[in-house]
């Protein structure tokens, strides 16, 4: 009922204005058409502009500036194409009028038919090259967006990646880039030609008989309004559909990323049912959107039918009255059939724009994300570090949460081996993230060789630091490529030397393809110890000035741990080394051991000094020995 009242109000206003048409002033007809059409298109663009992300098209042009050139060319070609498209209809009108009047002869008729033929040939040629070019642009834009999205993701800080589901991110980029590229096809191939066609149709109808132009002017804005109103009303369902679908894709990706755990715990059925529920959820919103849309759009179809029949009926009546020629009747029929059917295309385009807006806006949000950690103004280059590290009254909090580091004061001399120990959550890994500049410290400072860490260019600084973590990330590539990842310019000989130092060379040669063996996704063909040794080889190949070992041996067997310990302490005394240790017996040879608890340093000294002190570290040693005896 509410929709009916709104349509009735809108129709009555247009009708009230339209009564002025019958004063016989053609200028008023033009004013009416232009006004209502302008109002409709203002509503169209206002709706698009006021989508969730303000400046929708501005952001699209910023991401894909190449889109502007395609748009300009398409407008020019579209005008030419639509003008030529009207030539056959006009010629046929003239032919019919001359045949009815008995004024035509065979030669003249052949000229007319030749003109129609040439027009169709021109249309075929233009359409062929235009479609070919526009389709090429669509694929080109898709590739540009994907490349720029990956570049943006690689530039963003670690905190961003830790906050989002990887599968959902992949879905967001894939769907957004496809929709944006597909949108270019719709604009170039549908919107521009249809808009030009409607304007030219009105001009020709007005020229032939202004009353017919007035009828067309009355129906078109109402039909467009219904389409836009429908799209606006279903927008919440559309948004929920895209959000729930991305969640489902994220769940699918998460299950596949952790397929080993799913298999080990026999959770296939549970994971499938969870995914099934998520799919049912987004289908529910899709169904609501579809049903609501068709409930309203049926009135648009009724109006189009009335408009087509009414215009043709009035034109036929005028022919009987002698105020319109038979040829003009043919022209009116051809124009109105084409124009009213084109309103379906306008409606389809608007619905597509609204439907594409959600995934495109979600993609635009990615591009609008600002990096939390970036180079400061005047950041200095660095090609070599001595390796001196100082935390000065260091404090840190993740976002708006409570601080996880408090008043950290620590000095690490060049080439010194420093071990960080403490319970889980004590702040050890956070200190590593700060040293790697994955985050910026929120209080105090970190000095590297006496200069604030923020004064160095991030990429150049990171090249001087290497980390080996507990959760080693291995790519689905060869062993050689995985080690080369740290230094792509290194030779095969350099890789083998690094692998030998990391005690990895022997097991690599046992593979059928040796260093060219593909290790599978996440290194599924490798054991935990083998992954760690490849990771150490990767770090050694980088040849940094600071090494960080973040619990590199915590989950390994004794043999693997022994190999890795040899690799770690082979570096000792040559480069500054930070070790986060879980097994305290492995850090006896560290120059300094730093004991942490609840984000604070509570003890520091050599292994012997801390044992003699009989404090927190000595208690940790005692508890670990008891645990090992029980095991």
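The values are calculated or read from the model by the stated rules, or taken from the named source; none is laboratory data. Everything numeric in this text was worked out from a predicted model, so none of it was measured. Note: ideal-geometry Cβ built from the backbone for every residue, glycine included; neighbour counts use all protein chains shown.
For the range 437-456, does any single residue satisfy the condition of being farther than 25 Å from residue 398 by Cα and in a helix (DSSP H, G or I)? Within the range 437-456 (the criterion being farther than 25 Å from residue 398 by Cα and in a helix (DSSP H, G or I)), the answer is no, since none of the residues qualifies. Contact map, the range 297-308: residues that are farther than 24 Å from residue 234 by Cα paired with residues that are at pLDDT 75 or above and not in a helix (DSSP H, G or I), Cβ distance under 8 Å, separation 6+ or inter-chain. No pairs are found. Would it be correct to say that residue 112 is farther than 27 Å from residue 180 by Cα, without any contact (Cβ under 8 Å) to a residue 60 or more places away in the chain and in contact with a helix residue (DSSP H, G or I) (Cβ under 8 Å, 6 or more places away or on another chain)? It is true that residue 112 is farther than 27 Å from residue 180 by Cα, without any contact (Cβ under 8 Å) to a residue 60 or more places away in the chain and in contact with a helix residue (DSSP H, G or I) (Cβ under 8 Å, 6 or more places away or on another chain). Checking each residue of the range 510-525 against the condition of being touching a helix residue (DSSP H, G or I) at 6+ places or on another chain (Cβ under 6 Å), assigned to a helix (DSSP H, G or I) and surrounded by 17 or more Cβ atoms within 10 Å (Cβ to Cβ) gives at least one match. Is there a residue in the range 136-155 that is more than 28 Å from residue 71 (Cβ to Cβ) and either touching a strand residue (DSSP E or B) at 6+ places or on another chain (Cβ under 7 Å) or surrounded by 15 or more Cβ atoms within 10 Å (Cβ to Cβ) (or both)? No, every residue in the range 136-155 fails to be more than 28 Å from residue 71 (Cβ to Cβ) and either touching a strand residue (DSSP E or B) at 6+ places or on another chain (Cβ under 7 Å) or surrounded by 15 or more Cβ atoms within 10 Å (Cβ to Cβ) (or both). Just one of the listed residues (334, 368) is surrounded by 14 or more Cβ atoms within 10 Å (Cβ to Cβ) and over 30 Å from residue 181 (Cα atoms), namely 334.
Applying the criterion of being at pLDDT 85 or above and under 22 Å from residue 80 (Cβ atoms) to the residues of the range 95-121, the residue that is surrounded by the most Cβ atoms within 10 Å (Cβ to Cβ) is 119.
Every test in (1) over 29 Å from the mean Cα position of the chain (by Cα); (2) at pLDDT 90 or above; (3) surrounded by fewer than 17 Cβ atoms within 10 Å (Cβ to Cβ) is passed by residue 481 save one, and that test is (1).
Scanning the range 427-460 for residues that are farther than 16 Å from residue 408 by Cα and free of Cβ contacts under 8 Å to residues at least 60 places away in the same chain turns up just one, 459. Confirm whether residue 447 is buried (at least 18 other Cβ atoms within 10 Å of the Cβ), modelled with pLDDT of 90 or more and at negative phi. Criteria not met by residue 447. Restricting attention to the range 255-303, the residues being surrounded by fewer than 16 Cβ atoms within 10 Å (Cβ to Cβ) and either closer than 30 Å to residue 222 by Cβ or touching a strand residue (DSSP E or B) at 6+ places or on another chain (Cβ under 6 Å) (or both) number 9. Within the range 329-344, is even one residue over 23 Å from residue 208 (Cβ atoms), modelled with pLDDT under 80 and more than 26 Å from the chain's Cα centre (by Cα)? Yes: the range 329-344 contains one or more residues that are over 23 Å from residue 208 (Cβ atoms), modelled with pLDDT under 80 and more than 26 Å from the chain's Cα centre (by Cα).
Looking across the range 583-596, not a single residue is under 10 Å from residue 427 (Cα atoms) and out of contact with any helix residue (DSSP H, G or I) (no Cβ under 7 Å at 6 or more places or on another chain). Look through the range 583-605, keep the residues that are over 28 Å from residue 397 (Cα atoms) and touching a residue at least 60 places away in the same chain (Cβ under 8 Å), and return whichever of them is surrounded by the fewest Cβ atoms within 10 Å (Cβ to Cβ). Filtering the range 583-605 for residues that are over 28 Å from residue 397 (Cα atoms) and touching a residue at least 60 places away in the same chain (Cβ under 8 Å), the one surrounded by the fewest Cβ atoms within 10 Å (Cβ to Cβ) comes out as 589.
Considering 578, 546, 518, the condition of being touching a residue at least 12 places away in the same chain (Cβ under 8 Å), more than 19 Å from residue 432 (Cβ to Cβ) and under 39 Å from the mean Cα position of the chain (by Cα) is satisfied by 518 alone.
I'd like to check something: does the range 145-168 contain any residue that is within 32 Å of the chain's Cα centre (by Cα), closer than 20 Å to residue 189 by Cβ and in contact (Cβ under 8 Å) with a residue 12 or more places away in the chain? Scanning the range 145-168 turns up at least one residue that is within 32 Å of the chain's Cα centre (by Cα), closer than 20 Å to residue 189 by Cβ and in contact (Cβ under 8 Å) with a residue 12 or more places away in the chain. Of the residues that make up the range 318-326, is at least one out of contact with any strand residue (DSSP E or B) (no Cβ under 6 Å at 6 or more places or on another chain), touching a residue at least 60 places away in the same chain (Cβ under 8 Å), within 22 Å of residue 87 (Cα to Cα) and surrounded by fewer than 16 Cβ atoms within 10 Å (Cβ to Cβ)? Scanning the range 318-326, I find at least one residue that is out of contact with any strand residue (DSSP E or B) (no Cβ under 6 Å at 6 or more places or on another chain), touching a residue at least 60 places away in the same chain (Cβ under 8 Å), within 22 Å of residue 87 (Cα to Cα) and surrounded by fewer than 16 Cβ atoms within 10 Å (Cβ to Cβ), so the answer is yes.
Please enumerate the residues belonging to the range 461-478 that are closer than 24 Å to residue 415 by Cβ and over 28 Å from the mean Cα position of the chain (by Cα). Listed by number, the residues that qualify are 461, 463, 464, 465, 466, 467, 468, 469. Quick one: which residue in 134, 197 is under 30 Å from residue 328 (Cα atoms) and either without any contact (Cβ under 8 Å) to a residue 24 or more places away in the chain or in contact with a helix residue (DSSP H, G or I) (Cβ under 6 Å, 6 or more places away or on another chain) (or both)? Selected residue: 197, the only one of 134, 197 that is under 30 Å from residue 328 (Cα atoms) and either without any contact (Cβ under 8 Å) to a residue 24 or more places away in the chain or in contact with a helix residue (DSSP H, G or I) (Cβ under 6 Å, 6 or more places away or on another chain) (or both).
When residue 132 is tested against the conditions (1) modelled with pLDDT of 80 or more; (2) closer than 30 Å to residue 439 by Cβ; (3) surrounded by fewer than 19 Cβ atoms within 10 Å (Cβ to Cβ), the lone failure is (2). Is it fair to say residue 319 is outside any helix (DSSP H, G or I) and more than 32 Å from the chain's Cα centre (by Cα)? Considered against the rule, which asks whether it is outside any helix (DSSP H, G or I) and more than 32 Å from the chain's Cα centre (by Cα), residue 319 comes out as no. Selection of helices (runs of 4 or more DSSP H) fully inside the range 180-274 by the criterion of at least 3 residues being more than 23 Å from the chain's Cα centre (by Cα) returns 192-208, 210-233, 259-264.
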